[in-house]
Structure formats: C-alpha cells, structure tokens
Amino acid sequence: MHSILLSTRRAALGALALACAALAAPAAWAQQKTVGITAIVEHPALDAIRKGAQDELRALGWSEDKLKVQYQSAQGSAATAGQIAKKFAGDKVDAIIAIATPSAQAAAAATRSIPIIYAAVTDPVAAKLVKSMEPAGGNITGVSDRLDIAPQVDLILKIKPGAKKVGMVYSPGEVNSTVVVQQMKDELQKRGMTLLEAAAARTVDVPAAARALAGKADVIYTSTDNNVVSTYDSLVGVARQAKVPLVASDSGSVQRGASAGMTVDYYEMGRQAGRMADRILKGEQPGAIASATGAAQLMLNPKAAAEQGVTLDEALRKQASAIVGE
C-alpha cells in the first residue's frame with residue numbers, strides 16, 4: 001500500500017511539474033517579439049537597408065532570444081510581395097519592415113492593425129501609405145529616400161556642362177519611379193533641357209531601354225527604380241560603350257559604375273527604420289511617429305567617369321562625401 005501511495009504521489013508531482021512548464025512556456029514565448037522584413041527584390045541598396053535595420057535592433061538590445069526576424073524577398077514580383085505581406089499578417093507578427101514601394105504597398109493592403117515601417121519609398125504620400133510626412137495616424141510610418149530634384153540636375157550639369165538631353169530608364173509600374181520622372185521632367189523644362197524617357201517594365205527590358213538612349217542623351221540619370229538598380233551592370237556597360245556618363249541617386253550604383261551620385265546612405269536609412277521599429281516594439285504607436293527622410297551625400301567614381309568620357313574636376317572632388325573606384 002505504501003509503495004502504491006508513493007507511486008501515486010510521484011505521478012501527481014510529475015503531472016504538476018508538466019502543467020507548470022506548459023503554463024510557463026507561453027509566458028516566456030510571449031516575451032519574444034517577431035518582426036517580418038520584406039523587400040521587393042535583392043540589390044545592394046535594399047540589402048543595406050535590411051542589414052542596417054537588423055544591426056540597429058541588435059544594438060538596441062533586441063537579441064535573438066528577444067526578437068525573431070523573418071525575412072522574405074519578393075524577387076521582383078508584385079504578386080509575391082502580396083503573398084509575403086499576407087503571410088506576415090496571418091502570422092500576426094509584431095511589426096513589418098517593408099523595403100521599397102511595392103512591398104510597402106503590399107503590406108498596407110494586407111493589414112491595418114500590424115505596425116508597418118516602410119523604407120526606400122520615394123513618395124509615401126503619392127504611394128498612399130501615409131497622408132503626410134507628419135504623424136498621420138494609422139499603422140504606418142517610415143523613412144523616405146526622396147531627394148530634391150534640383151540638386152540632382154545641378155550635379156548632372158557639373159558632370160556634363162552644357163548637357164541638354166537627359167535620358168532616364170524607369171519602370172512605369174513603380175510609383176516611386178514615375179514620381180521622379182515627372183519631377184525631373186518639370187525641373188529640366190525650367191532650365192531649357194529635355195528628358196528622354198525609356199520605359200522598362202521588367203528587369204530584362206533595362207538593357208534595351210538603355211541602348212535606346214545611347215547616342216541621344218548627353219547624360220543618363222537613374223533613380224532608385226528597383227528594376228534598374230537590380231541590373232545596373234547592364235547600364236554601366238552601355239554607358240561605357242556609348243561614352244555617356246551615368247548619374248545615380250543611390251550609393252550602391254555609384255560603387256557599381258555610375259560616374260557620380262547625389263545619394264542616400266541606405267545602410268543608415270536601415271538604422272533609422274530600426275530605431276522606429278524599436279520604439280514601436282516598446283509600445284509606441286506608428287501613427288504617432290513622423291515619417292523621416294534620409295540625408296543626401298555626394299559620391300564620385302572617377303574611374304567610371306573616365307570610362308564614360310568625362311573628367312571630374314578638383315572643385316567637385318572637394319565637395320564629395322565619398323570617392324570610390326580609385
């Protein structure tokens with residue numbers, strides 16, 4: 001009898017221990033947050049944003065036991081971007097960092113409750129992500145890579161004095177690109193200059209669009225169009241062969257072969273997005289956080305410029321924040 005009672009007592013204690021463990025596990029798990037990161041495609045600028053965001057979150061104390069990060073690339077497909085956003089919404093992640101306009105729009109369409117931090121969206125108002133750059137309510141805030149167009153044209157004229165025709169390859173399906181096309185067209189018109197547009201709906205269309213500009217444009221300007229940046233090497237090849245300078249608006253493209261660029265530091269933009277995510281994970285509402293804009297810097301690539309038929313003068317070199325390719 002004694003042995004039976006002892007066995008029963010042990011069984012009861014074991015069951016109690018298991019019950020306590022079962023209760024404790026969800027409590028421990030609940031302390032870990034989850035952030036979904038999605039990008040429309042993988043290329044140096046967008047990859048730098050993701051790295052910057054993750055580095056900043058780690059620096060702010062979000063170690064792996066406190067924060068689970070899920071990352072998915074849409075590989076250039078808007079339909080895939082929508083599927084990724086829906087999955088994150090279904091998983092009920094604590095926040096979504098959406099990199100580039102198509103991914104941010106997909107996230108916005110998938111959820112109105114989960115906080116969204118956009119990054120590398122040229123015009124978040126035109127993309128209908130926020131009502132204004134001020135705290136706009138709702139579940140979205142983020143960091144824009146919008147650059148003033150006038151300084152971009154100033155740089156074009158420093159690279160190619162007397163330029164009259166500026167070529168631009170762009171994706172007609174990307175709001176961030178069409179906005180810049182219109183801004184560039186308006187600014188060039190003020191200065192008696194002309195924009196030559198070459199549409200590239202897909203990445204594979206970019207080389208042909210660039211070749212269509214060769215011999216016609218004095219300079220080719222590139223925005224942060226995701227199709228264009230994804231295959232920037234093909235533009236560099238056309239520019240080198242045609243002896244037409246490339247002027248970019250992201251640092252990665254200058255490093256890959258543009259002559260120059262008034263660029264945004266995309267890694268730092270990622271860190272800005274990471275700081276926003278930190279505030280939200282700690283309880284702040286995204287709608288109470290103003291959207292931000294990345295700071296511009298001048299970057300030069302003298303070697304690429306020489307290959308594209310231009311020489312960067314000493315005065316311009318002194319203004320540069322960074323010089324690569326030497």
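Checking a compactness column here: for the range 109-156, what do you get for Rg(Cα) / (2.2 N^0.38 Å), N being the number of residues?
1.38
The largest-to-smallest principal axis extents of the Cα set in the range 162-209 are 32, 21, 9 Å. Under the criterion of Cα pairs below 8 Å and six or more residues apart, the relative contact order for the chain equals 19 percent. By the rule of a C-alpha distance below 15 Å, with chain neighbours fewer than 8 residues away ignored, the aspartates and glutamates paired with residue 282 are 56, 94. Within the chain, the longest run free of trypsin sites (Lys or Arg not before Pro) that sit in a DSSP loop with at most 16 other Cβ atoms within 10 Å is 1-65.
Between the range 110-161 and the range 226-278, the alpha-carbon centres lie 16 Å apart. If you wrap the tightest convex hull around every Cα atom of the range 82-192 and split its volume per residue, you get 105 Å³.
Projected onto their three principal axes, the Cα atoms of the chain cover extents of 104, 40, 34 Å, largest first. Axis angle, to the nearest 10 degrees, between helix 44-59 and the longest C-alpha principal axis of the chain: 40 degrees. Sorted from longest to shortest, the spans of the Cα atoms of the range 219-272 along the three principal axes equal 39, 19, 14 Å. Measuring between alpha carbons in the structure, the pairs from 185/243; 87/185; 131/243; 68/128; 51/190; 51/185 lying more than 32 angstrom apart are 87/185; 131/243; 51/190; 51/185. A Förster distance of 35 Å, applied to the separation of the beta-carbon atoms of residue 79 and residue 113, puts the FRET efficiency at 0.90. Take every Cα pair under 8 Å whose residues are at least 6 apart in sequence, average their separation, divide by the length of the range 173-326, and the relative contact order is 18 percent. Taking all Cα-Cα distances within the range 195-326, those exceeding 27 Å account for 30%.
Throughout, read-outs are computed from the coordinates displayed, never taken from laboratory work. As the structure is a prediction and not an experimental result, all values here were calculated from the model. With ideal geometry, Cβ positions are generated from the backbone for all residues, glycine too; neighbour counts draw on all protein chains shown.
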